[in-house]
Each structure stands twice: as C-alpha cells, then as structure tokens.
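K.L.:
Could you have a look at this structure, given as structure tokens, before my questions?
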Amino acid sequence: MRKKGYCGSSCVCPECGEDADFKGYASKTVTSLLGPIEYPRAYYHCDHCHHGWFPTDEELGLTERSTLGAREVIALAGVEDAFAVSAERVLQRLSGISVSASTVQRVTETVGDKLAAQRQHGDDITPGESWDWCLDAKGQRVAYVSLDATGVPQQGPHAERADGRMAWVASVFNPAPRDAPAKRRLRQVRYLSGLMSLDQIGKQLRHECQQVGVSRDDVVIGLTDGGNGLEDSQDQAKWACPELCVRQDLLKLSLVS
Ligand SMILES: [Zn+2]
C-alpha cells in the first residue's frame, strides 16, 4: 500500500481523468472493534471537476465512521435488543465498543436496508447448499415451507399513534424423521422475514428453496394458518407452488390453525 494513500504530488482524477493535486494529510477517527482509531491519510483535490477524495478510504473499506468488523458487531447487537440497551449494555460488555443508541440504530438499519435490497434483487445472502432431504414412504424427497404474517406495532415520527404493520415470516426446513432424538427434530432451516408484499416474500422463499436444493421432482409441503391475506387458495398456491415446486399433484398444502 502506498504511504497513507500518498501516490505523488498529483494523480489521475477518478471522475474526469485530469490531474488532481495532493493537498496534504487529514485525520479521521473510526470506531473499530478495539476502540477508536485515529487514521491519517492523504487528500487529493481535482481543480477541473472539484472532486476531492482520500484514496485509502475506499481501499481500506473505511468510507464509514466505523470499520467493517465493528459495523457487523453493532448490527448484530442492534437486532438482539432495543437500540439503547444494545449501546449501553450489550456492546460495551461484549466488545468494549462505546457508541450511542442512535449509532446502533443507524448502523443496524443501514445493514438491514442493504440486505433487504440484496434479497429483493435476488442476490444470494448465504451460499447455496444441497440439503440431505428426508424421504417419504414412496422414497420421494420431502421439503417443507411455512409462511405466516405477524403484527408489528408502529410509532409515528414524533411518537404519534400509527397503524401496525404486518411482517411476513417464512421458512424452508428439513425436519428429521420421527424417530430422531428430540433435540435434533429440525435438521436444517432457513428463515426469511420482512415488511413486504406477499409476492415479494414468495419470490424470496422460492429463491431460498432453490438455494437448498429443492427441485421440481420433490414433494413440497406448505404450512400456513390460512389467515390474513392467505384465505384464498390461489394466494396459497402463489407463494408455495409456482415455477419451483412443482408438479401440482405432489403439492400437499396443509392448513393448520
Ligand atoms: Zn476531476
């Protein structure tokens, strides 16, 4: 790596291709897993298009106010409890990181938005793996999917009353045979959840099914309570079956309440 990002008295501007001048060093403090780190780096400015940048920020993944490792830990703590509790108790005890509740909220929501966008786009979040699906009496592989909606209370921007929203909670899972030890009833499972339309959660669920090796020839059993938005059997078919699953004759949709 070049010394603190210094690559000569001038370098090529990434925006316009003209020469940009080295203007000096500027420090930035970032939150790392080992606490705050002060980090001096070279600054370049282009007089032609007025673009200014620090070459090492991009190179070292330090464009934010915290390192990648710190953001991962902050976001994990942020989903475990209320943001204030995560900031004041969980993070400080587990890692010694000292950040405000609003930082925990911002980092967690940013990571969440990014993940939601990736899922929406159909990107893989977890690598694909072919599960060892259990077989039914006829020797056919059997996969289970489930879908339900749950109410999430909401608060307006200034703590006003607001209507609750329904979040979808879905899973694809591979239960162990009945004679398996009680502790190992669930062999493998992947969960999905979010505030989105039925079409969107259905699409994401099918993507996860493909990721874990559910194929056209498998039996897919869908579990739902049939409530809220799923009353219509066409709706049920829409999320559980379509292009993935299916030989329709093999789809068994169990309605449990
Ligand atoms: Zn330029």
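Rule-based calculations on the coordinates, nothing more; no lab input. Computed from a prediction, not measured in an experiment: that's the story for all the values here. Because the Cβ atoms are built from the backbone with ideal geometry, glycine has one as well, and the counts that use them run over all protein chains shown.
K.L.:
In the stretch 6-87, which GluC sites (Glu not before Pro) fall in coil by DSSP and have 15 or fewer other Cβ atoms within 10 Å?
P.N.:
On the way: sites: 15, 18, 38, 58, 59, 64, 72, 80; in loops: 15, 18, 64.
In loop regions of the stretch 6-87 (DSSP not H, G, I, E or B), the sparsely surrounded GluC sites (Glu not before Pro) are 15, 18, 64.
K.L.:
Do any trypsin sites (Lys or Arg not before Pro) in the stretch 115-176 lie in a loop, going by DSSP, with at most 15 other beta-carbon atoms within 10 Å of their beta carbon, and if so which?
P.N.:
On the way: sites: 119, 138, 141, 161, 165; in loops: 138.
Here the trypsin sites (Lys or Arg not before Pro) that fit, given the DSSP loop and packing criteria, are 138.
K.L.:
Still on this structure, I have one more. If you bin the C-alpha pair distances of the stretch 68-120 every 10 Å from 0, what whole percents do you get?
P.N.:
Here the calculated profile for the stretch 68-120 is 29, 54, 15, 2.
K.L.:
Most exposed first by the Cβ proxy, i.e. fewest other Cβ within 10 Å, how do 45, 158 rank? Numbers along the way, then the final one.
P.N.:
On the way: 45 15, 158 5.
If I rank by nearby Cβ atoms, fewest first, I get 158, 45.
K.L.:
When the chain is fully extended, how far beyond the present Cα-Cα distance does residue 7 get from residue 102, taking 0.36 nm per residue of separation?
P.N.:
Numbers: separation 95, 0.36 × 95 = 34.20 nm, distance 3.68 nm.
Working it through step by step, the gained length comes to 30.5 nm.
K.L.:
Put +1 on the Cβ of every Lys and Arg and -1 on every Asp and Glu Cβ in the stretch 3-59; which of 30, 46, 11 then has its Cα farthest towards the positive end of the dipole?
P.N.:
So the residue furthest toward the plus end is 30.
K.L.:
Here's another thing I want to ask about it. Quick check: residue separation of residue 163 and residue 59 times 0.36 nm, minus the Cα distance between them. What number comes out in nm?
P.N.:
Values: separation 104, 0.36 × 104 = 37.44 nm, distance 4.41 nm.
In short, 33.0 nm is gained.
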